[in-house]
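Visitor: Starting off with a structure, shown below.
The values are calculated or read from the model by the stated rules, or taken from the named source; none is laboratory data. Bear in mind the structure is a predicted one, so any value in this text is a computation, not a measurement. Cβ: placed from backbone, ideal geometry, glycine included. Neighbour counts: every protein chain shown.
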Amino acid sequence: MKVKRLLALALVSCLLLIAMAACASGDGDTSPDPGNPSNNPGEPVDPGSVGRDPYVAPTVITDIPRTEVLYINGLQWGPLAGWNPFSSAMNNALAITQDPDGARMPMFEAPYMYNILDNKMYPLLASGGVDGYTWNADGTELSYKIKAAAYWSDGTKVTAHDAAFTWSAGVQYSRDGNANWKAYIADVVAQDDETVVIKAVMENGKAANPLLMVTYLGQQYILQKAWLEKLIDRNGGDVSAIADDTSEDVVWSGPYTKYFADDTKIVLIRDDDYWGQHSSMWGKLPTPKYLSNVLYENNAAGDSAISVGEVDVSQQFIANVHLLWEELGLPISTYIAEEPYFISANMPTAYFNMNSSKPGLDNPAVRKAIAIAVDYDLILANAMTNQSPSFKDVPRSLMNPLPAEQAMYDRNSVSSLQWVGNDIEGAKKLLDDAGILIGDSGYREIDGQKLSYTVSCPSGWSDWEAAMHIVADAGEAIGIEMVTFFPDWSVYQTHLTSAFQDEYDIFMFSTQGISPAQPWSRIRALLSTTFVGTDGNWGGNFGQYVNDEVDQLIAAIPQESDSAKLKEMYTRLVEIYLTEVPSFSLMYRPEKFHIVNESVWTGFTEQGDGRNVPPVNCISGYAIADLYNLRLS
Amino acid sequence: MKNTLRQVFRSGKFVTGFVIFSAILLLAVIYPIISPGNPLQMIGLNSFIKPGTYVSVYDSLNTQRTYTFKLPGAAEKRIDSKLSNEDRLNIKDYLLRFGLPEEAVDIEQTHDLLALWWNNYDPELRLGSTIAENRYFARLDDKLAGIFESEDIEVGELDPDTGEYVRKKMVTETDYVNVSDVANVIRLPLGTDNFGRDTFRELVSAIGTSLQIGLIAGTVATLIGLLLGLLAGYLGGVADDIIMFFSNLFTVIPGFVLLILIAYSIDQSQRGVTTVAIVIGLTSWVWTTRSVRAQVISLRSRDHVNLSKLSGHSLPRLIITDILPYIASYVVMAFILQISSGILAEAGLSMLGLGPKTTDTATLGLMMDWAMRYTAHISGAWWAYYPVVLVIALVSFSLNLMNTGLDQIFNPQLRD
């Protein structure tokens, strides 16, 4: 009896203790800790005080509450290799991605956040206002100042020396030696502790490409000099060893950091000491405590996950996305309420192989005949389920369909060249007029040889396969034999990037979308001779098209500042492109898919909300502003 | 023979299976004859169009004759089609959020309810708690516009010379046209798939192709199995050892994995229907071999075989006249099962994207593959995959039923 009573007493006191502990920890979450004011999420730190404590990693818990995580999908498809932002081999899409349309900045930060909606640079590590960088008088040096409030996770200040060292280390120790930039940027130097100066490569007494220097501001992270030196030292300066270093000790400046990663998911946790809660930046911390990308088996699995609310933001193509809300009544939305639902800026394109040993592809009449015979409405309806504008809405050119780029050429003077497609009779007439007639083979022939082409794209890319089938149908309809061939991506890419491939005659690849250097950079990638004859070429011009006039225009445009002259040059390029047809776009495609399920979070960007936050997965470029606007729904 | 057949058709199971199978086969043969057309033609410019009958709006307006009907309740029907009960509840929800008292909103009184809605709905207020809700209210408002209107609709044509609309026709709410007068009507019993193709026509064509695959695969597997089984069983000795060695080898390697590897190594451009069928056949002969061998071993020591041997008959003759007839019923049953498993194997392979070349032919597996790739299950497009699943199940069910029926007749242990 006594023992029982004692046990009961012990049990009760245990329960009391647990309850008290629970209360205490609850208090700790809600009341600010006086010793560490910045520890309180949502409250801005004293605007006068800058600086932060070194980050201390919390213990990992496995059952994270759903209401604290923002789940994103479509970015990461396999386990990551590490956290080294200096390497391009980390396969870490959530934390380390440096794209021209805005670097992903939850963990590492660039000086500016690019906004694809208004083509402007919003300051992040840089101080000043929107597009607040300055050019020197002759336009050869671009400079900006580092924000006074910007600090690294180890508690040290972000300085101009970090920016300068990131560049010089990149030239010396990164795999590609900053090759993409070196043709245009001569050096990045620290004028003093806070001023960064980017010096242009000179051509004919002018900066070779000022637009790419601006792109650099929003695309490339600033990394900590001290940490980079440590990284280089411990790998003995060996470029390959540096690229393979997994860098668990990395120092960051962004609002999130590594928390958990395995082959099922990747989780980032908010750094509650993040410098950006200073009033000179965001004035608060981002809402979700965790960011996560679950690794799904394939698109279909990811689509199922967002439809049941396991994913909040999806960057995946979902066929017939409107049915999710119209028919099924799910709390799912896209950036735009109506078709085309997204910001379209990519233009998946079919290239003609100029190296092909088969007759006809060197003849613009054949190329154009195939291009005008294709039923683009069918491609749009079936491959894209109408999730982008049609060529009737936005006539084809070299520009993406956004108004800013459309205004850069004179549509009226080339309108007679812009085809909308499905013009079988017109295509037949074009070939008849060129003397390419149906021969004994039952197909059109040149010098007794029938026209027969291989039409290709990677296997399993369903929308592309559908598009290429429609191209093949068009060819058959005008008397050209078409053989569809869909090899595995690993095989496809080796031929695509080979300068001398003779496997595919008409083949497909995407174009560049939005960045400050567009449309110039896209046109260069589509038409420039720079890429002709180089093997392992990912740059562009996969069809190996050569045209001197185009090259001259591509070289001249970056240095031209007179907008009327620019328009003239762009119009001429469009004219050449639509006359010569070295390649032709099959559809417009969203720059990034951005589908949100609001069953947990709401407050995402939408067209017309006046916030001007771009719909790119809440973490790329200026889209990260969305994280500060989210609330539980 | 006649007696055997009579016996077979007395089995209820066999007959049921046979009827189902014949019905499916007949559908695959007859439908393309009565309704010819390319099953892979992309007719719809939307994907996953719902099943139903579609009438050309253009042709309906241009129909010569219109008829007048005064149907009771026509207006109510029109309203109900636009305003579901769920919509009414959501309208109420909105009005309560707007601040109206609960008793002021009666969802049964359509006119009052909508009057309240039109008076109080303001998209600028954004009373929904999410983007999705606000957009739903905006869509609802669009949908409800003019819901009570019953004025005649004027159909005009733009005169290109003057730039003015010339009245062409007046349409009143009591005008009807006979569907048979409309030039273009399309009936889609199973809607369309992701490519905008008529799913029913595609399904019928796919049944044909899949049966063909099953037949080829079944024939290949049965022939190999039979030949090896006969040789191993009758010859015995080293020949038996060698054949059994390979059959054991193939037994322990999972057949489907082998199938995937072979299918994967064949380039897609070469992967036609026949190739896939042969590959399936080449990987599924093992069990036939083993059972045939077992049966032959028990047969070869029988008196009539020994007699035949003593008479100096050649090996092929011995096998064909003295052994084969005794295992024929078993082989037929195995063959039926092989057809069924061949169809299932194709479906499995195609689901993994390793089936016959896409979009050149329709097969049951490819239909499932495309439905999955375009996430038909998420879009609620059941017609793109349920009928396919049902057909696969029915074909394999009917074949298995026929097999069980035969088994009951020919297997002495099971015979009543």
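Visitor: Residues B:GLY218, B:GLY225, B:GLY191: which one is within 28 Å of B:THR321 (Cα to Cα), in contact with a Lys or Arg (Cβ under 9 Å, 6 or more places away or on another chain), at pLDDT 90 or above and buried (at least 18 other Cβ atoms within 10 Å of the Cβ)? Don't jump to the end; show me each part of the working.
Guide: Values: B:GLY218 fails: in contact with a Lys or Arg (Cβ under 9 Å, 6 or more places away or on another chain); B:GLY191 fails: within 28 Å of B:THR321 (Cα to Cα).
Within the list B:GLY218, B:GLY225, B:GLY191, the selection yields B:GLY225.
Visitor: I'm trying to understand the selection: among the residues of the range A:324-364, which are in contact with a Leu (Cβ under 8 Å, 6 or more places away or on another chain) and within 14 Å of another protein chain (Cβ to nearest Cβ)?
Guide: Residues satisfying the conditions are A:LEU324, A:LEU330, A:ILE332.
Visitor: Would you list the strands (runs of 3 or more DSSP E) that sit entirely within the range B:152-209 and hold 1 or more residues that are farther than 30 Å from B:VAL388 by Cβ?
Guide: Qualifying strands (runs of 3 or more DSSP E): B:153-158, B:165-171.
Visitor: Just need a number here: residues in the range A:369-378 that are at the interface with chain B (Cβ under 10 Å from one of its Cβ atoms) and buried (at least 22 other Cβ atoms within 10 Å of the Cβ).
Guide: Start the filter on the range A:369-378 by keeping residues that are at the interface with chain B (Cβ under 10 Å from one of its Cβ atoms), which leaves A:375, A:377-378.
Restricting the remaining residues to those that are buried (at least 22 other Cβ atoms within 10 Å of the Cβ) gives A:378.
Of the residues in that region, 1 qualify.
Visitor: Here is a check on your reading of the model: is A:THR571 in the same structural domain as A:ALA350 (by TED's automatic domain parsing) and among the β-branched types (Val, Ile, Thr)?
Guide: Against the criterion (in the same structural domain as A:ALA350 (by TED's automatic domain parsing) and among the β-branched types (Val, Ile, Thr)), A:THR571 qualifies.
Visitor: Which residue is farthest from A:PRO615 (Cα to Cα), if the candidates are limited to the range A:303-329 and must be acidic (Asp, Glu) and crowded, with 17+ Cβ neighbours inside 10 Å?
Guide: Across the range A:303-329, the extreme among qualifying residues is A:GLU310.
Visitor: In the range A:351-379, how many residues are in contact (Cβ under 8 Å) with a residue 40 or more places away in the chain and part of a loop (DSSP other than H, G, I, E, B)?
Guide: Residues in the range A:351-379 being in contact (Cβ under 8 Å) with a residue 40 or more places away in the chain and part of a loop (DSSP other than H, G, I, E, B): 12 in total.
Visitor: Name the single residue that is nearest to B:ALA362 (Cα to Cα) among those in the range B:256-274 being polar (S, T, N, Q) and surrounded by fewer than 16 Cβ atoms within 10 Å (Cβ to Cβ).
Guide: Result: B:THR274.
Visitor: Still on this structure, I have one more. State which residue is nearest to B:ILE392 (Cα to Cα) when the search covers only the range B:364-382 and only residues that are outside any loop (DSSP other than H, G, I, E, B) and within 7 Å of another protein chain (Cβ to nearest Cβ). Show your work before the answer.
Guide: Taking the range B:364-382 and keeping what is outside any loop (DSSP other than H, G, I, E, B), we get B:364-373, B:376-379, B:382.
Imposing the further condition that a residue be within 7 Å of another protein chain (Cβ to nearest Cβ) reduces the set to B:372-373, B:378-379.
Values: B:MET372: 16, B:ARG373: 19, B:ILE378: 22, B:SER379: 22 Å.
Across the range B:364-382, the extreme among qualifying residues is B:MET372.
Visitor: Suppose we filter A:GLN501, A:GLN512, A:GLN518, A:GLN493 for residues that are more than 14 Å from chain B (Cβ to nearest Cβ), outside any strand (DSSP E or B), in contact with a His (Cβ under 9 Å, 6 or more places away or on another chain) and not basic (Lys, Arg); which single one remains?
Guide: On inspection, the qualifying residue turns out to be A:GLN501.
Visitor: Please give the number of the condition B:GLY146 fails out of (1) at positive phi; (2) within 14 Å of chain A (Cβ to nearest Cβ); (3) at pLDDT below 90.
Guide: (2)
Visitor: Take the residues of the range A:380-408 that are more than 10 Å from chain B (Cβ to nearest Cβ) and outside any loop (DSSP other than H, G, I, E, B): which is surrounded by the most Cβ atoms within 10 Å (Cβ to Cβ)?
Guide: Looking at residues that are more than 10 Å from chain B (Cβ to nearest Cβ) and outside any loop (DSSP other than H, G, I, E, B), I get A:GLU405.
Visitor: Would you be able to say whether some residue in the range A:441-448 is more than 14 Å from chain B (Cβ to nearest Cβ), out of contact with any Leu (no Cβ under 8 Å at 6 or more places or on another chain) and surrounded by 16 or more Cβ atoms within 10 Å (Cβ to Cβ)?
Guide: Taking every residue of the range A:441-448 in turn, at least one turns out to be more than 14 Å from chain B (Cβ to nearest Cβ), out of contact with any Leu (no Cβ under 8 Å at 6 or more places or on another chain) and surrounded by 16 or more Cβ atoms within 10 Å (Cβ to Cβ).
A quick yes/no check of all residues on (1) within 19 Å of the chain's Cα centre (by Cα); (2) in a loop (DSSP other than H, G, I, E, B); (3) in the same structural domain as A:ASP192 (by TED's automatic domain parsing):
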residue	(1), (2), (3)
A:GLU109	yes, yes, yes
A:TYR114	yes, no, yes
A:TYR122	yes, no, yes
A:VAL130	no, yes, yes
A:LEU142	no, no, yes
A:LYS145	no, no, yes
A:ASP154	no, yes, yes
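Visitor: Looking at the range B:124-143 only, could you name the residues that are under 18 Å from A:PHE604 (Cβ atoms) and facing another protein chain (nearest Cβ under 10 Å)?
Guide: B:ARG126, B:GLY128, B:SER129, B:THR130, B:ILE131, B:ALA132, B:GLU133, B:ASN134, B:ARG135, B:TYR136, B:ALA138
Visitor: Further question: Just to check your reading of the model, which residue among B:VAL296, B:VAL276 is in a helix (DSSP H, G or I), within 46 Å of the chain's Cα centre (by Cα) and over 17 Å from B:SER350 (Cβ atoms)?
Guide: B:VAL296
Visitor: Here's a follow-up. Could you please let me know if B:ALA345 is more than 14 Å from every other protein chain (Cβ to nearest Cβ), crowded, with 24+ Cβ neighbours inside 10 Å and either on the phi > 0 side of the Ramachandran plot or hydrophobic (A, V, I, L, M, F, W, C) (or both)?
Guide: Details: more than 14 Å from every other protein chain (Cβ to nearest Cβ): yes; crowded, with 24+ Cβ neighbours inside 10 Å: yes; either on the phi > 0 side of the Ramachandran plot or hydrophobic (A, V, I, L, M, F, W, C) (or both): yes.
Taking the combined requirement at face value, the residue satisfies it.
Visitor: Right, here's the next one. Considering only residues that are assigned to a helix (DSSP H, G or I) and aliphatic (A, V, I, L, M), which ones fall in the range B:77-118?
Guide: Here is the first cut: in the range B:77-118, the ones assigned to a helix (DSSP H, G or I) are B:77-82, B:85-98, B:102-104, B:110-118.
Scanning the range B:77-118 gives B:ILE79, B:LEU89, B:ILE91, B:LEU95, B:LEU96, B:ALA104, B:LEU113, B:LEU114, B:ALA115, B:LEU116.
Visitor: Let me ask something else about it. Looking at A:SER583, A:SER620, can you tell me which residue is of a type outside the set (Phe, Trp, Tyr) and either within 22 Å of A:SER413 (Cα to Cα) or touching a Leu at 6+ places or on another chain (Cβ under 7 Å) (or both)?
Guide: Only one candidate qualifies: A:SER583.
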